[in-house]
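S.K.: Pasting a structure below so you can have a look.
The values are calculated or read from the model by the stated rules, or taken from the named source; none is laboratory data. Because the structure is a prediction, the values reported are computed rather than measured. Positions of Cβ are backbone-derived with ideal geometry, glycine not excepted, and every protein chain shown enters the neighbour counts. Side chains included, ligands, DNA and RNA excluded: accessible areas come from the protein's heavy atoms. Shrake-Rupley method; radii C 1.70, N 1.55, O 1.52, S 1.80 Å.
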Amino acid sequence: MWGGRFAEGPSAIMREINASIPFDKALWRQDIAASQAHIAMLEAQGIVGADDSKAISDGLNAIAAEYEKDGVPEDWDLEDIHMTTEARLSDLIGPAAGRLHTARSRNDQVATDFRLWVREAIDQMDAGLAALQRALVIRAGEHSRSIMPGFTHLQTAQPVTLGHHLLAYYEMIRRDRSRLADTRARLNESPLGSAALAGTGFPIDRDATSSALGFDRPTANSLDAVSDRDFAMDYLYAASVCALHLSRFAEELIIWASQPYGFVRMPDTLSTGSSIMPQKKNPDAAELVRGHAGRVIGCHTALMITMKGLPLAYSKDMQDDKPPVFEAAGLMALSIAAMTGMVADSTFNMDRMREAAELGYATATDLADWLVTEADIPFREAHHITGAAVKLAEKRGCALDELPLSDLQAIDDRIDESVFDALSVDASVAARASYGGTAPEQVDRQVKRARAELGMDE
């Protein structure tokens with residue numbers, strides 16, 4: 001490839017450090033598609049004749065069939081997927097293959113191929129997240145009235161419904177999908193035709209290749225086009241935030257599946273046993289989802305550090321842009337699929353959840369609210385009175401609604417027997433009927449909205 005400029009070939013070390021074919025062969029479909037769009041444009045513009053164009057197009061189709069059947073060969077002397085394909089094309093059709101590289105460079109080739117690959121990865125990740133959302137919505141609808149403890153600081157705070165809890169993750173995933181959509185919209189510009197960095201003197205039609213490849217428009221600056229990897233960093237950022245959300249959910253399932261909690265039984269298909277302890281059922285899939293978050297965030301960091309000091313336009317450092325993106329995409333696909341399976345197939349122990357909700361004085365806020373609304377006591381004073389009641393119940397070893405009325409009135413004589421209507425977990429949950437609250441009617445409302453957003457009832 002460099003014979004006209006170099007007297008000697010690269011050393012073995014240079015050959016190995018320079019080759020990217022072991023990983024960028026993953027771009028072969030995108031590379032073939034971009035080449036087909038490019039040669040069709042060159043023919044339409046009269047830059048390449050019809051016979052050569054047809055031979056190139058037919059050759060590319062034949063190469064695609066070979067790659068599909070046997071995989072992409074790894075010849076490190078050819079460095080990358082672009083030269084591997086061009087060399088094979090030359091074997092098939094002869095010197096006419098050299099016309100394919102007219103008016104383009106490997107710089108705009110790889111920028112185009114990589115955008116196409118990331119765009120497809122976004123679409124696949126979005127589809128996986130939509131499936132996870134559907135699973136969440138189905139289970140939330142089943143459990144809109146199932147009571148469990150809500151936590152802050154991992155301490156019992158207020159009773160909520162399991163449906164409400166599951167819909168919290170629906171909302172997180174909705175934001176994740178929004179970030180992916182934003183990323184896709186920004187990346188959907190075609191670098192093809194930017195050539196090495198300055199554009200080309202050939203009379204090419206960049207709008208034609210952009211349209212053929214499904215881009216919205218060509219990039220407006222050739223220097224930026226070949227050196228930009230914002231789209232990859234945007235994707236990795238969106239993946240990192242999503243991985244954090246999945247990790248939080250996985251952590252909760254791990255805690256809930258432990259014997260002291262006993263809130264959930266994980267599906268056998270996503271659990272493992274122990275080599276020495278026959279009683280064990282380990283939530284390994286959830287633990288791996290939690291672990292994958294660190295690796296995905298590491299991929300994002302790796303690419304940002306690679307790009308941080310690069311002058312315009314292309315530098316060979318950018319060859320290292322693809323491995324972290326490929327790794328993160330694979331990890332996210334596994335994590336999303338695993339979480340979807342756990343949501344769909346886990347069995348929730350609602351008796352145990354309700355029992356836990358009735359412990360820990362989860363309805364203390366309801367007592368304070370009752371004092372405000374029924375006894376016209378300022379909230380800060382009501383908070384103090386409620387604290388005294390909790391302290392007494394703790395001393396007696398009973399729930400708030402098990403304290404005798406006389407004990408409550410000894411704390412504050414404005415309390416009457418109607419207070420007990422507010423102190424059950426059912427009353428507490430039903431009272432949280434503000435928009436977006438945990439009351440069953442609100443959960444049902446949000447399930448209906450989510451089903452409409454996902455087109456589940458069409």
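S.K.: Expressed as a whole percent, how much of the Cα-Cα distance distribution for segment 113-254 exceeds 20 Å?
M.R.: On the way: 5843 of 10011 pairs.
The calculated P(r) of segment 113-254 puts 58 percent of pairs beyond 20 Å.
S.K.: Relative to 2.2 N^0.38 Å, what does the C-alpha radius of gyration of segment 358-458 come to as a ratio? Two decimals please. Don't skip to the end; give the middle numbers.
M.R.: Values: Rg = 17.0 Å, N = 101, 2.2 N^0.38 = 12.7 Å.
Scaled against compact globular proteins, the figure is 1.34.
S.K.: With only alpha-carbon atoms in the gyration tensor, what are the semi-axes of the equivalent ellipsoid for segment 235-348, in Å, largest first?
M.R.: 36, 13, 11
S.K.: Sort segment 353-395 into rounded, prolate or oblate with this rule: let a ≥ b ≥ c be the square roots of the eigenvalues of the Cα gyration tensor; rounded if a/c is under 1.5, and if a/c is not under 1.5, prolate when a/b is larger than b/c, oblate otherwise.
M.R.: On the way: a/c = 3.44, a/b = 1.69, b/c = 2.03.
In terms of gyration-tensor shape, oblate.
S.K.: How tilted is helix 230-257 with respect to the longest principal axis of the chain? Cα atoms for both, answer in degrees (0 to 90, nearest 10).
M.R.: Taking Cα atoms only, the helix is inclined about 30 degrees.
S.K.: Let a ≥ b ≥ c be the square roots of the eigenvalues of the Cα gyration tensor of segment 119-171; is it rounded (a/c under 1.5), or, if not, prolate (a/b larger than b/c) or oblate? List each step's numbers first, then the result.
M.R.: Values: a/c = 5.70, a/b = 2.06, b/c = 2.77.
Oblate shape, in that a/c is at least 1.5 and b/c is the bigger or equal ratio.
S.K.: For segment 381-458, give the magnitude of the charge dipole about the Cα centre (Cβ charges: +1 Lys/Arg, -1 Asp/Glu; no others), in debye to the nearest 20. Mind showing how you got there, number by number?
M.R.: Working: 9 positive and 16 negative charges, 65 e Å.
Roughly 320 debye, rounded to the nearest 20.
S.K.: Right, another one. At what distance in nm do the modelled label points of Asp317 and Glu374 sit from each other, each positioned 7 Å from its Cα along Cα→Cβ?
M.R.: The two pseudo-label positions are separated by 6.7 nm.
S.K.: Can you tell me how segment 1-100 classifies by the Cα gyration tensor, rounded, prolate or oblate, using a/c under 1.5 as the rounded cut? List each step's numbers first, then the result.
M.R.: Numbers: a/c = 2.32, a/b = 1.46, b/c = 1.59.
Oblate, since a/c reaches 1.5 and b/c is not below a/b.
S.K.: Return the tail of the calculated pair distribution for the chain, meaning the percent of Cα-Cα pairs more than 35 Å apart.
M.R.: On the way: 51910 of 104653 pairs.
In whole percent, the share of Cα-Cα pairs in the chain beyond 35 Å is 50.
S.K.: To continue, here is another question. Using amide H atoms built in the peptide plane, which far-off residues or other-chain residues are under 5 Å from Asn282 H to H?
M.R.: Thr272, Gly273
S.K.: State the extension gain, in nm to one decimal, for the chain segment bounded by Arg445 and Arg295, taking 0.36 nm per residue of separation less the distance between their alpha-carbons. If you can, show how the numbers build up before the last one.
M.R.: Numbers: separation 150, 0.36 × 150 = 54.00 nm, distance 3.71 nm.
Fully extending the segment from Arg445 to Arg295 adds 50.3 nm.
S.K.: Net charge near Leu244: determine it from the other residues with C-beta under 11 Å of the C-beta of Leu244, scoring Lys and Arg +1 and Asp and Glu -1.
M.R.: Details: positive: Arg248, Arg290; negative: Asp176, Glu251.
Summing Lys/Arg as +1 and Asp/Glu as -1 gives 0.
S.K.: If r is the Cβ-Cβ distance from Phe23 to Asp91 and R0 is 22 Å, what FRET efficiency results, to the nearest 0.05? Present the calculation step by step, with values, prior to reporting the outcome.
M.R.: On the way: r = 23 Å, r/R0 = 1.07.
So the FRET efficiency works out to roughly 0.40.
S.K.: Which trypsin sites (Lys or Arg not before Pro) from segment 304-395 combine a DSSP loop assignment with at most 15 other Cβ atoms within 10 Å? Don't skip to the end; give the middle numbers.
M.R.: Details: sites: Lys308, Lys316, Arg352, Arg354, Arg380, Lys391, Lys395; in loops: Lys308.
Hits after loop and neighbour filter: Lys308.
S.K.: So for the pair Glu68, Asn221, with labels modelled 7 Å out along Cα→Cβ, what separation do we get in nm?
M.R.: A separation of 4.0 nm, rounded to one decimal place.
S.K.: What Kirkwood Rh does segment 179-287 have if only Cα atoms enter the pairwise 1/r average? Answer in Å.
M.R.: Numbers: mean 1/r = 0.0556 Å⁻¹.
Evaluated over segment 179-287, this radius sits at 18.0 Å.
S.K.: Compute the distance in nm between two label points, each set 7 Å from the Cα along the Cα-to-Cβ direction, one at Ser258 and one at Met350.
M.R.: Taking the simple label geometry, Ser258 and Met350 are separated by 2.6 nm.
S.K.: Now for a different question. Any chance you could give the angle, 0 to 90 degrees and rounded to 10, that helix 440-454 forms with the longest Cα principal axis of the chain?
M.R.: Between the helix axis and the principal axis of the chain, the angle is about 10 degrees.
S.K.: Hey, if we sort His101, His384, His245 by accessible area with the 1.4 Å probe, largest down, what's the order? Don't skip to the answer; put the middle values down first.
M.R.: Details: His101 55, His384 140, His245 25 Å².
Largest to smallest exposure gives the sequence His384, His101, His245.
S.K.: Could you run the Karplus curve 6.51 cos²θ - 1.76 cosθ + 1.60 with θ = phi - 60° over segment 71-87 and give me ³J(HN,Hα) per residue in whole Hz, x for Gly and Pro?
M.R.: Those phi angles translate into x, 8, x, 10, 10, 5, 5, 8, 6, 9, 5, 5, 6, 4, 5, 5, 5 Hz.
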